[in-house]
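Take a look at the structure set out below.
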Amino acid sequence: MSISLIISNPSTDEQRLVNIPVATEDAFQKIWQTGCSELSLRYVSLFDTGVEIEQNNVGELIAELTILHHWAETLKPQTEQIAQMQTRLKRLIDEIPEIVDEKTKVYIG
């Protein structure tokens with residue numbers, strides 16, 4: 001299984017095709033959840049069960065993703081799995097504010 005971001009209420013064919021990979025279940029449990037626990041992250045810790053993000057949640061989610069990204073930079077050794085995590089975090093940080101608006105919500109799970 002894997003965790004990804006989709007648009008939960010797509011209004012166009014283009015939006016129906018949005019599917020941004022986040023993490024495999026294994027990577028999420030081993031690395032992401034470790035960071036979530038250490039950093040007390042509210043939204044990111046819900047990715048494995050699934051969470052819907054609306055416009056009013058975007059700021060807090062982006063803050064959590066940024067904190068987790070900085071945390072991942074401190075991990076030693078920097079494995080391929082951690083590098084992939086950082087790449088995916090950066091993509092989420094960049095794309096979520098562009099996708100979510102007053103009409104468009106995303107589901108991550």
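Computed from the coordinates by the stated procedures, all read-outs in this text should not be read as laboratory data. Worth saying up front: this structure is predicted, and the values here are computed from it rather than measured. As a convention, Cβ positions derive from the backbone with ideal geometry for all residues, glycine included, and neighbour counts pool all protein chains shown.
Return the equivalent ellipsoid semi-axes of the range 27-92 as a descending list in whole Å, where each equals the square root of 5 times an eigenvalue of the C-alpha gyration tensor.
On the way: eigenvalues 79, 29, 23 Å².
One finds semi-axes of 20, 12, 11 Å for the range 27-92.
Which length gain, in nm to one decimal place, applies between residue 60 and residue 9 when the Cα-Cα distance is subtracted from 0.36 nm times their residue separation? Write out the running numbers ahead of the final one.
On the way: separation 51, 0.36 × 51 = 18.36 nm, distance 2.08 nm.
Extra length available between residue 60 and residue 9 comes to 16.3 nm.
At R0 = 25 Å, how high is the FRET efficiency between residue 18 and residue 80 if r is their beta carbon distance? Nearest 0.05 is fine.
Working: r = 26 Å, r/R0 = 1.03.
Once rounded, the FRET efficiency stands at 0.45.
Given R₀ = 22 Å, what would the calculated FRET efficiency be for residue 1 paired with residue 102, taking r from the Cβ atoms and rounding to 0.05?
0.10
Nearest 10 degrees, 0 to 90: what angle lies between the long axis of helix 58-73 and the longest principal axis of the chain (Cα atoms)?
Result, in degrees: 30.
Residue separation times 0.36 nm, minus the C-alpha to C-alpha distance between residue 30 and residue 87: what's the value? Display every interim value, and only then the final one.
On the way: separation 57, 0.36 × 57 = 20.52 nm, distance 1.69 nm.
Between residue 30 and residue 87, full extension yields an extra 18.8 nm.
Using amide H atoms built in the peptide plane, which far-off residues or other-chain residues are under 5 Å from residue 3 H to H?
Under 5 Å from the amide H of residue 3 lie the amide H atoms of 22, 23, 24, 25, each far enough along the sequence or on another chain.
As a test of the formula, what do you get for the chain when each DSSP H run with n ≥ 4 contributes -39,500 (n - 2.57) and the sum is divided by the residue count, at 222 nm and rounded to the nearest 500 deg cm²/dmol?
Values: 4 runs with 47 residues, N = 109.
Helix-only estimate at 222 nm: -13500 deg cm²/dmol.
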